[in-house]
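A.B. asks: Handing you this structure, nothing more for now.
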Amino acid sequence: MHSINIVKEFPQIYHLEIKENNEKLMYDEAINQLTKNCDGIPLKDITSIKYFVNTWGLSSNNWFAENIIPKMTKLEKIDLSNTNNSKHRTDVGRGVQAILNATKGLKIKHVDISKNVMDGDGAKWLKDFIETTPTLKVLIAGSCKLQD
């Protein structure tokens, strides 16, 4: 089953969805699947993504952050919310952090990280992200258990 959907919703909105990692692939297998899912996608035109960060491991999330996000130069909207209510992964906060850190310099306007339990330093790196993303208009972070 192909796990990418590109939808041209309006003349300048291209949405990419990376489906959840239902097969629980890890390490090289997961990275190979993400690579396969992104092959042939015009990443430079993507303006909106949905990525189930909670279902992919930290190495996969780091790879996605380093190799895919920087190619999305028009990216404005990021949905990393746990809408499929997957079991909490202990490294999800670091995965979210890696992806958001990879957006530095992009004109991100909307971020949803809701329903992902963040690690103890989640509030700190989220504060740093907000301070370094002047274009941010909407941040949804409900049910994240952010600590002081």
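The values are calculated or read from the model by the stated rules, or taken from the named source; none is laboratory data. Treat the numbers as computed from the prediction; the structure is a model and nothing was measured. Here Cβ is always computed from backbone atoms with ideal geometry, including for glycine, and neighbour counts include all displayed protein chains. SASA here: full protein model, heavy atoms, side chains in, ligands and nucleic acids out. Shrake-Rupley method; radii C 1.70, N 1.55, O 1.52, S 1.80 Å.
A.B. asks: Taking a cut-off of 17 Å between Cα atoms, list the lysines near K104, but don't count ones fewer than 8 places away on the same chain.
C.D. replies: List returned: K44, K71, K74, K77, K124, K127, K137.
A.B. asks: Something else: Can you list, bin by bin at 5 Å, the percent of alpha carbon pairs in the stretch 80-148, starting at 0?
C.D. replies: 4, 17, 31, 27, 16, 5, 1
A.B. asks: How do 48-54, 23-29, 140-146 rank on mean C-beta neighbours within 10 Å, highest first?
C.D. replies: 48-54, 140-146, 23-29
A.B. asks: Would you be so kind as to identify all helices of the chain, as entire DSSP H runs, whose Cα atoms reach 30 Å or more along the helix's own axis and whose mean Kyte-Doolittle hydropathy is at least -1.0?
C.D. replies: In the chain, no H run is both long and hydrophobic enough.
A.B. asks: Which is farthest toward the positive dipole end of the chain among M118, T47, T83, measuring Cα position about the Cα centre, with Cβ charges +1 (Lys, Arg) and -1 (Asp, Glu)?
C.D. replies: So the residue furthest toward the plus end is T47.
A.B. asks: If you don't mind, another one. Suppose every K and R has +1 on its Cβ and every D and E has -1 on its Cβ; what is the size of the dipole of the chain about the Cα centre, in Debye to the nearest 20?
C.D. replies: That gives the chain a dipole magnitude of about 320 debye.
A.B. asks: Full-extension gain between D39 and I130, please, as 0.36 nm times their residue separation minus the C-alpha to C-alpha distance.
C.D. replies: Gain on extension, D39 to I130, equals 29.7 nm.
A.B. asks: If one computes P(r) from the Cα atoms of the stretch 25-148, what percent of pairs lie at distances over 21 Å?
C.D. replies: Of all Cα-Cα pairs in the stretch 25-148, 34 percent lie more than 21 Å apart.
A.B. asks: To the nearest 10 square angstrom, how much accessible area does W56 have with a 1.4 angstrom probe?
C.D. replies: So the heavy atoms of W56 present about 10 Å² to solvent.
A.B. asks: Could I ask something else about it? FRET efficiency for K104 and K137, Cβ-Cβ distance as r, R0 = 22 Å, nearest 0.05?
C.D. replies: Approximately 0.80, to the nearest 0.05.
A.B. asks: Quick one: order V138, V96 from most to least accessible surface, probe 1.4 Å.
C.D. replies: The most accessible residue leads, giving V138, V96.
A.B. asks: Leaving ligands, DNA and RNA out of it, rank R89, R94 by accessible area with a 1.4 Å probe, largest first.
C.D. replies: Highest to lowest solvent-accessible surface, that is R94, R89.
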